[in-house]
Amino acid sequence: MAQLKLKTNIHKLFGELNIPGDKSISHRSVMFGSIAHGKTTVTNFLPGEDCLSTISCFRKLGIKIEETEEELIIHGNGFDGLKEPNEILDVGNSGTTIRLLLGILAGRPFFSTLVGDRSIGKRPMTRVTEPLTKMGAAIDGREHGLYTPISIRGGKLNPIHYKLPVPSAQVKSALILAGLQAEGESVIIEPAAARDHTERMIRMFGGEIHQENGSITVTGGQRLTAAHVPVPGDISSAAFFLVAGAIVPDSEIVLKNVGLNPTRTGIIEVMKKMGAAIELISNQDDTFEPSGDIVIKTSKLTGTVIEGDLIPKLIDEIPIIALLATQAEGQTIIKDAEELKVKETNRIDTVVQELKKLGASIEATEDGMIINGNSQLTGGTVSSHGDHRIGMMLSIAALLCKHDVFLEDAEAISVSYPNFFTHLNSLIQ
């Protein structure tokens, strides 16, 4: 387990960053390129471990994927171009890979087995496997398909009318990908809007999907055609530098070409609500995914309440928002975030546990946390618990600490942001 000494007691951050490609969009670009007809090209693809796991799985399914310095090239031949793998599909640490891939494999008339790392082995899969089984896929796994390893034999699928029990882009996307292969029209109902990258990508690849009042309708049998996918910077990765720029004294950071999809910009809404000095400069061409530059400066912040429909728009950013709240005036309350318990770690517990080690005044609740502001962070030894977002959050927290901070399991950060520390060091003045 690697232990890294973090930079501490930093007095200024200044500069400009090109944020790595969006992880969610990078995953989907490989998947859609693989099930479309023709040669798909992808620029600004995120070469993090999670997305490389997706490439590996689709290569095992018979897809030719080329990697150059400038772009990713995927040679697809439709759903029928996927072939039965002769080895196990290993998704590594990637929940997106396993859940969306199950949706694709549900309609394929062959047998596959999927595994992942220890973290994936603890994450519940029945939220995907149960509706896919109702559609006609034969799925089994530990505890009747609750945990990996999971085996699936796909085939002829029936359409489904399904209401998601919780907002989940992964579950929604799996059912959409299965629905594209079903005979008829599938309807998925969302209790609140989760990220819509799958819906946008279907249209980019020439398909049709209809969204209205929380209802998503997709018809099976569509032919998707190859496309060029320009991946914008990942706002979930940008979030760490947005918070750093707001809480480190005398700072100003410009983040270039960041994705500004409205289903993902909850972090910006919350920071504005708390009084952050943040400016958005939108790109004019956002026919695929909205994007733009973000400028953040040191800010005087006030605590707030984060709850309800806002939660799905910032679920991955809650660890770094918790750090932000420790530096605000007053109290911040995060509610309705039970979904944090089934991420790479139980992020309610890990955020509270690790920030407390650094001197934060923070308490866990059943569905979130209560954070008292104006915390003087000190130092200590902390752990990512193998969770990339916890590791990055703690690295930003260390910037404010007066004493040494050591991060255990620092290598987890490479899952989504391989050059995170290079970028962070480039801003330190």
* Asked: Modelled label-to-label distance, residue 212 and residue 376, 7 Å Cα→beta-carbon offset: nm?
  -> 6.0 nm
* Asked: Where does each of 86-92, 45-51 land if you order them by average Cβ count within 10 Å, highest first?
  -> 45-51, 86-92
* To do: Please state, to two decimals, what the Cα-based radius of gyration of the chain comes to when divided by 2.2 N^0.38 Å (N = residues).
  => 0.96
* Structure fact -> Under the Karplus relation with 6.51, -1.76 and 1.60 and θ = phi - 60°, whole-Hz ³J(HN,Hα) for the stretch 47-64, x at Gly and Pro, equal x, x, 4, 4, 5, 5, 5, 5, 4, 4, 4, 6, 5, 5, 8, x, 8, 7
* Structure fact -> Helix-only [θ] at 222 nm, the chain, -39500 (n - 2.57) per DSSP H run of 4+, per residue, nearest 500, equals -9000 deg cm²/dmol
* Structure fact -> Between residue 64 and residues 5 or more places away or on another chain, the pairs with built amide H atoms under 5 Å apart involve 75
* Does anyone have the angle between helix 126-135 and the longest principal axis of the chain? Alpha-carbon axes, 0 to 90°, nearest 10? -> 20 degrees
* Just how large is the dipole of the stretch 307-362 about the Cα centre, in debye to the nearest 20, putting +1 at every Lys and Arg Cβ and -1 at every Asp and Glu Cβ? -> 220 debye
* **Tilt relative to the chain, helix 347-357 - C-alpha long axis, 0 to 90 degrees, to 10** => 20 degrees
* **Gap separating the Cα centres of the stretch 251-305 and the stretch 389-425, nearest whole Å** => 21 Å
* **Long-range HN-HN contacts of residue 141 with modeled amide H, under 5 Å** => 151
* Quick one: if the Förster radius is 45 Å, what FRET efficiency do residue 158 and residue 11 give, using the C-beta to C-beta distance and rounding to 0.05? -> 0.15
* To do: Figure the gain on full extension for residue 189 and residue 69 (residue separation times 0.36 nm, minus the Cα-Cα span) and round it to one decimal in nm.
  => 39.2 nm
* Exceeding the 26 Å Cα-Cα cut-off - candidates 300/402; 64/343; 273/297; 256/402; 300/356; 39/83 -> 64/343; 256/402
* List 316, 336, 250, 22 from most exposed to least, where exposure is judged by having the fewest other Cβ atoms within 10 Å. => 250, 336, 316, 22
* How big is the Kirkwood radius of the stretch 279-429, worked out from every pair of different alpha carbons and given in Å to one decimal? -> 16.3 Å
* Order of 423, 27 - criterion: other Cβ atoms within 10 Å of each residue's Cβ, fewest first -> 423, 27
* **Long-range tail of P(r) for the stretch 23-230 (Cα pairs > 28 Å, %)** => 18 percent
* Structure fact -> With label points set 7 Å from each Cα along the Cα-to-Cβ direction at residue 295 and residue 144, the distance between them in nm comes to 5.8 nm
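Every number in this text was worked out from the coordinates using simple rules, so none of it is lab data. This structure is a prediction, so every number in the text was calculated from the model and none was measured. Neighbour counts are summed over all protein chains in view; Cβ atoms, including those assigned to glycine, are modelled from backbone coordinates with ideal geometry.
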